[in-house]
Each structure stands twice: as structure tokens, then as C-alpha cells.
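**Q** Take this structure first; my questions come after.
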Amino acid sequence: MKYTVLTLFPNMFKGFVDESIIKRAIEAKLIDIDLVDFRAYSTNKHHTVDDYAYAGGAGMLISVEPVHRALIGVEGYKAAHKVLMSPSGTPLTQEKVKKLASYKHLIIICGHYEGFDERVSNYVDEEISIGDYILMGGEIPTMALIEATSRLVDGVINSDSTKEESFSEGLLEYPQYTRPASYDGVDVPEVLQNGDHKKINEWRRYEALKKTYQRRPELLKEAHLSLKDYQMLEEIKHEKNN
Ligand SMILES: C[S@@+](CC[C@H](N)C(=O)[O-])C[C@H]1O[C@@H](n2cnc3c(N)ncnc32)[C@H](O)[C@@H]1O
């Protein structure tokens with residue numbers, strides 16, 4: 001999986017590419033992250049890439065030309081899937097992450113300042129938002145997108161980890177525990193300590209449904225639920241405190 005990131009602040013990615021799983025994935029050549037400073041594609045002698053908005057408004061906008069020039073300068077840009085990070089984009093969900101992880105080459109454009117000249121959107125395949133809040137730039141959203149997609153690339157992490165985690169089946173993940181078995185008066189549930197896998201799986205499913213029902217009930221509408229799940233949900237609804 002190849003990522004080409006168009007940014008005005010490539011140094012922000014230094015720690016990101018140099019630590020932990022992302023670093024190992026790059027070293028193992030499972031992913032490749034190329035950083036392009038699109039200031040280098042400015043057409044003026046001061047190397048500026050932003051300008052005032054027509055008809056006024058606070059802050060500066062990134063001009064279309066340097067972004068377009070940087071984009072067409074990327075090797076393989078025609079075949080690549082081009083993404084603009086923007087608060088007005090499609091929300092990044094796990095479903096969207098899976099789709100994005102299926103491309104061989106993503107080109108991701110990070111905004112800054114007040115955002116972009118609207119015409120930048122003519123040169124991308126889609127705009128992605130990481131949530132309904134405004135960050136100062138597209139660099140952190142881009143890191144979120146790279147982390148979320150690269151962990152689905154074969155070999156980057158243990159594939160079992162991605163099967164049962166939150167959102168993988170439309171539900172939040174069940175509670176998990178590690179040692180000690182008892183801490184500050186709170187015990188690890190008995191069922192997790194007795195090795196009965198059938199019971200453990202049932203308990204986990206029940207708890208995943210319960211957590212989703214309590215915290216993100218809207219997810220249940222889209223989740224793939226069995227008859228048994230519906231029976232569990234009825235039980236959950238009738239539990240005290242629900
Ligand atoms: C300060 S923001 C611009 C916000 C813009 N004026 C608006 O109201 O939509 C600057 C850049 O940060 C990035 N950004 C900020 N928040 C984001 C979010 N929630 N999702 C994705 N990108 C975001 C985008 O690349 C954006 O162009």
C-alpha cells in the first residue's frame with residue numbers, strides 16, 4: 001500500500017513514520033509513505049501557496065494551482081485514489097476505512113489555514129472528514145486515515161486483532177481484562193477465567209450488544225444480528241439500569 005501525502009508541514013510526520021507499528025510496516029515494505037511539500041510547487045518567488053478569499057472572509061485559502069501541480073507531479077497519480085481531507089467530507093467510518101484500504105495507492109491532500117479554493121475538489125475522488133470538529137490542518141486527519149487503513153494491510157498487525165474489534169461487525173467491542181484477576185475491589189468476570197469457550201463467546205456477544213445498546217444504539221440498526229442476538233437485546237433492555 002502506497003501513500004503520497006501532499007502537505008505544507010512534512011516535518012509533522014517525522015515521529016509518525018519513525019515509531020512503533022507504522023515504522024515496522026515501512027521497514028517491512030508493507031506500506032510506503034511519501035511526503036510531498038506542495039510549497040515547492042508555488043509559482044511565485046516567495047513560495048507562497050495561499051491567498052485572500054474573493055469577497056472577503058477571515059484567513060487565507062490554499063490556491064488551486066500549487067495543489068494541482070503537485071498532484072499531477074506524483075508518479076502514478078492518474079491511477080491513484082485521490083483524497084482531500086476536509087471537515088465537509090464524508091465521515092471516516094470503519095466501512096470507509098475498509099474501502100480506502102483496498103486501493104493500492106492513496107494520494108492524500110492536507111489543508112491548512114482556512115482551507116482550499118473550492119476548485120481543488122475538481123482534482124480529487126473524494127473528500128474525507130474525521131469528525132464534526134475543526135482542526136488546524138489536515139496532517140492529523142491524514143495520520144488517522146493512514147493508521148486506520150494500514151492496520152488492515154496484510155501483515156501490518158495480527159489479522160485476528162481486526163476481526164473482533166469495535167465496528168468490525170457493526171458492534172462495539174466487548175470488555176476485555178488482563179491480570180490481576182482482582183483490582184481495587186473489582187474482579188475479572190468469572191466466566192472469562194473458567195476456559196469454557198462456548199460460554200465465553202456467549203458472554204462476549206452479550207456484552208458487545210449491551211455496550212452498543214447503551215453507548216451507540218444507532219449502530220444496532222446497521223449491525224448483522226441473529227435471532228439469538230435479538231433475544232439477548234430483549235434481555236439487555238429488561239436488565240436493571242438499562
Ligand atoms: C482550519 S481547517 C479549515 C476549515 C474550513 N474553513 C471549514 O470551515 O470547513 C484547515 C484544514 O484542516 C483540515 N481539517 C480540519 N478539520 C478537519 C476534519 N474534521 N476532518 C478532516 N480534515 C480536517 C482540512 O484539510 C482543512 O482544509
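**Q** So, by mean Cβ neighbours within 10 angstrom, what's the order for 87-98, 220-231 with the highest one leading?
**A** Numbers: 87-98: 14.8, 220-231: 11.7.
Going by the mean number of other Cβ atoms within 10 Å, highest first, we get 87-98, 220-231.
**Q** Name the long-range amide H neighbours of residue 105: under 5 Å, sequence gap of 5 or more, or other chain; modelled H, no Pro or chain starts.
**A** Under 5 Å from the amide H of residue 105: 2, 81.
**Q** Right, here's the next one. Provide the net charge surrounding residue 15, with neighbours chosen by a C-beta distance below 12 Å and charges set as Lys +1, Arg +1, Asp -1, Glu -1.
**A** Charge balance near residue 15 sits at -1.
**Q** Another question, then. Which entries in 98/221; 163/199; 198/221; 14/163 show an alpha-carbon gap greater than 28 Å?
**A** The answer is 14/163.
**Q** Report, please, the projected area of the range 1-113 averaged over directions, based on the convex hull of its C-alpha atoms, in nm².
**A** Mean projected area of the Cα convex hull: 8.5 nm².
**Q** Also, quick follow-up: Rounded to the nearest 0.05, what FRET efficiency is calculated for residue 144 and residue 184 with R0 set to 25 Å and r the Cβ-Cβ distance?
**A** Once rounded, the FRET efficiency stands at 0.15.
Coordinate-derived values only; no laboratory data. Please read these numbers as outputs of a predicted model, since none were measured by experiment. Cβ: placed from backbone, ideal geometry, glycine included. Neighbour counts: every protein chain shown.
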